[in-house]
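One structure is given below, encoded as structure tokens.
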């Protein structure tokens, strides 16, 4: 869908661009209705010795569902932000509505089992910083460097 919308917007055909903007607005509504900008729950970051295999697998599966939702949301967010800049229009999504941590590192996403996932978490630390924290930090650092 993302490629389809991108192609239509960049095709040079005004009618196709209008249809794609409609598709983009519809996709934004679906993303918002699905609540992808909000977390669905939490999981335990306890060590393996504190939980049995069933809880470890449940935590991993819950984390994978949450991570999939975040990656879907941020993919759309990136595309929508780029296109609104390109089209010089108002954004479909508000940064203040994003209540998610940033997507995890690829090695964590590619973990093949709950045990390897837990191992990576214990070596890399947890939790991931929030998107909002990164935006505030970016603009704070930008303002500090501009004033020097």
Among the residues of the stretch 90-119, what is the count of those that are over 28 Å from residue 59 (Cα atoms) and touching a residue at least 60 places away in the same chain (Cβ under 8 Å)? 2
From the list 100, 62, 87, which one is touching a helix residue (DSSP H, G or I) at 6+ places or on another chain (Cβ under 6 Å) and surrounded by 13 or more Cβ atoms within 10 Å (Cβ to Cβ)? 100
Pick from the stretch 120-129, criterion over 13 Å from residue 67 (Cβ atoms) and free of Cβ contacts under 8 Å to residues at least 24 places away in the same chain, ranking: farthest from the chain's Cα centre (by Cα): 123
Has the stretch 107-119 got any residue that is closer than 19 Å to residue 24 by Cβ, assigned to a loop (DSSP other than H, G, I, E, B) and modelled with pLDDT of 85 or more? no
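The values are calculated or read from the model by the stated rules, or taken from the named source; none is laboratory data. Everything numeric in this text was worked out from a predicted model, so none of it was measured. Cβ atoms come from the backbone with ideal geometry, glycine included; neighbour counts cover every protein chain shown.
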